[in-house]
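Below is one structure; the comments refer to it alone.
The values are calculated or read from the model by the stated rules, or taken from the named source; none is laboratory data. Only a predicted model underlies this, so the values are computations on that prediction, with no experimental measurement involved. In this analysis, Cβ positions are derived from the backbone assuming ideal geometry, glycine residues included, and neighbour counts consider all displayed protein chains. All accessible areas refer to the heavy atoms of the entire protein, side chains included, with ligands and DNA or RNA removed. Shrake-Rupley method; radii C 1.70, N 1.55, O 1.52, S 1.80 Å.
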Amino acid sequence: MASKRPIVIGLEVHLQLGTKTKLFCSCSTDYIGKTPNSNVCPICLAVPGSLPLLNDSAVALASRMGLGLHCTIQKYSNFHRKNYFYPDLPKAYQVTQYELPIATKGYLDIESDGGAKRVRIHHLHLEEDAGKLVHPTADGRLTGASYSLVDYNRGGVPLSEIVSEPDMSSPAEARDYVMRLRQLARYLDVSDGEMESGSLRVDANISLSNPDGSLGTRVEIKNMNSLKSLERALEYEIARQNKVLDTGGRLVQETRLWDDAEGVTRSMRSKETAADYRYFPEMDLAPIVLTDEEIEAFRRSMPELPWEKRERFMRDFGLDQEETALLTEQKELAAYYEAVVKAGAPPARAANWVRMEVMRLLNELGCGIEDFPTKPGTLAQLVSKVEKKELSSTVAKDILALLVREKISLDEAIARSGASATRLTGDALDEVIRKIMTANPDVVATIQSGQDKKGGKAKFLQGLIMKETRGQADPKEVAASLERLLQG
């Protein structure tokens, strides 16, 4: 978006780690839709005398995410207590990493308006999630509520907080950064990255540069629960800050909440500094000490990353950048496409079928590719028949719809569609063409008299022929045979 002053954006992304149990206790992390305060214990409720025990799986997932972001995994890191009181934080402090985070100095490449851009990662640290406030209002918001309830089921779920450098200069770049981060987390099986359910939450820090090039006053924005909300909130805040400065006002360092319904940010509190949080070491938890062998084991466990898969698809399958980006957006879709190719379908045609027909059917079914009824091998057989011109694309699409809807074999679908598994050609095709010509004498007369200058009448007959053959004839052969028979 246009701004009179250079825009500077940094993001803090809170990513829930996909462990089965919480960061410091054995309570389940499956809190969505559960009875409030049912997945809790003395540790995550901060009962005096209870002691935390670190979840090794959270350390492994955070390390994998750090490696995916090209960070250095630290062999020694520790936890601090971050002191502040919220009703959903039962200890009145949060256990987090402060001075010595588990991963530092990485980067994530994004696509900006000007092309590829590298966003530096300052660090990734581990911490526990807070509980959740429930407001008894129609829209679930605090405004208008006379009281609030607290659900501690989410409290203690492991988070990795990923802090970027202020390297983004537009809302679109911020959106792309979060999309790439979410895609990486899913490829690594670190998190489902669902913003709507709270698995991925973003805090944005934004400022406008001063005339001398120095950074302006930084404002933090919270409460953005979708990519669209993130972009809208940043756009609004850029306009607001420009307006304040244009009218001679002064910006204050503060935290603002995004009101999605009204489309505005609202002041929440003055921005705290590190001193306000009174950090001090967590004495109930030992430091995290990783050996070179453990870090190397994390590295060896890394799967093919999204950008690596994109490069391989373009190189090995001859796909263009747009096709590859779509096919590799989801790890499961990329695996399905690759299985179709390995089963014998030509890569380019398979890519087109997966991008267009499979994804259209997935939208209609409202399911993911992992639940798609047609297996990759079956789709490969269907695509190969189109490639060999045994079936037309039109008929093959009908057959795929039958496969999906009826969950039958390919041979059954072909039979039920009324299509032949072989191409209609030669005398059999000529017989169909003559039938169509006989049924449309006026059209034939117009063409033979030379009055069909633009070829519209001929194309009309070709369409009727293709319909009559149920697409079992090659369009080029139909055109050539029709022209021959029209000439007598």
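Residue-wise test of (1) open to solvent by 20 Å² or more (accessible area, probe 1.4 Å); (2) among the polar types (S, T, N, Q); (3) at pLDDT below 95; (4) in a strand (DSSP E or B).
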| residue | (1), (2), (3), (4) |
| --- | --- |
| PRO87 | yes, no, yes, no |
| LYS91 | yes, no, yes, no |
| GLY106 | no, no, no, yes |
| GLU111 | yes, no, yes, yes |
| VAL119 | no, no, no, yes |
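The set of residues in segment 61-83 that are open to solvent by 50 Å² or more (accessible area, probe 1.4 Å), in contact (Cβ under 8 Å) with a residue 60 or more places away in the chain and in a loop (DSSP other than H, G, I, E, B) comprises GLN74, LYS75.
For segment 155-182, give me each residue that is within 22 Å of LEU227 (Cα to Cα) and in a loop (DSSP other than H, G, I, E, B).
Answer for segment 155-182, where residues must be within 22 Å of LEU227 (Cα to Cα) and in a loop (DSSP other than H, G, I, E, B): GLU165, PRO166, ASP167, SER169, SER170.
Taken as a whole, segment 321-343 holds at least one residue that is open to solvent by 70 Å² or more (accessible area, probe 1.4 Å), on the phi < 0 side of the Ramachandran plot and polar (S, T, N, Q). Of the helices (runs of 4 or more DSSP H) lying entirely inside segment 193-302, the ones with 1 or more residues being in contact with a helix residue (DSSP H, G or I) (Cβ under 8 Å, 6 or more places away or on another chain) and open to solvent by 40 Å² or more (accessible area, probe 1.4 Å) are found at 227-246, 292-300. One residue is enough: does segment 191-206 have a residue meeting the conditions modelled with pLDDT under 95, among the hydrophobic types (A, V, I, L, M, F, W, C) and under 15 Å from GLU12 (Cα atoms)? Yes, some residue in segment 191-206 is modelled with pLDDT under 95, among the hydrophobic types (A, V, I, L, M, F, W, C) and under 15 Å from GLU12 (Cα atoms). Pairs meeting the criteria (first residue in segment 304-331 and over 18 Å from GLY68 (Cα atoms) and without any contact (Cβ under 8 Å) to a residue 24 or more places away in the chain, second residue among the aromatic types (Phe, Trp, Tyr) and open to solvent by less than 70 Å² (accessible area, probe 1.4 Å), beta carbons under 7 Å, at least 6 apart or on different chains) are THR324/PHE313. Within segment 450-469, residues that are touching a residue at least 60 places away in the same chain (Cβ under 8 Å) reach partners that are assigned to a helix (DSSP H, G or I) and among the aliphatic types (A, V, I, L, M) with beta carbons closer than 9 Å, at six or more positions or on different chains, in the pairs MET466/VAL478.
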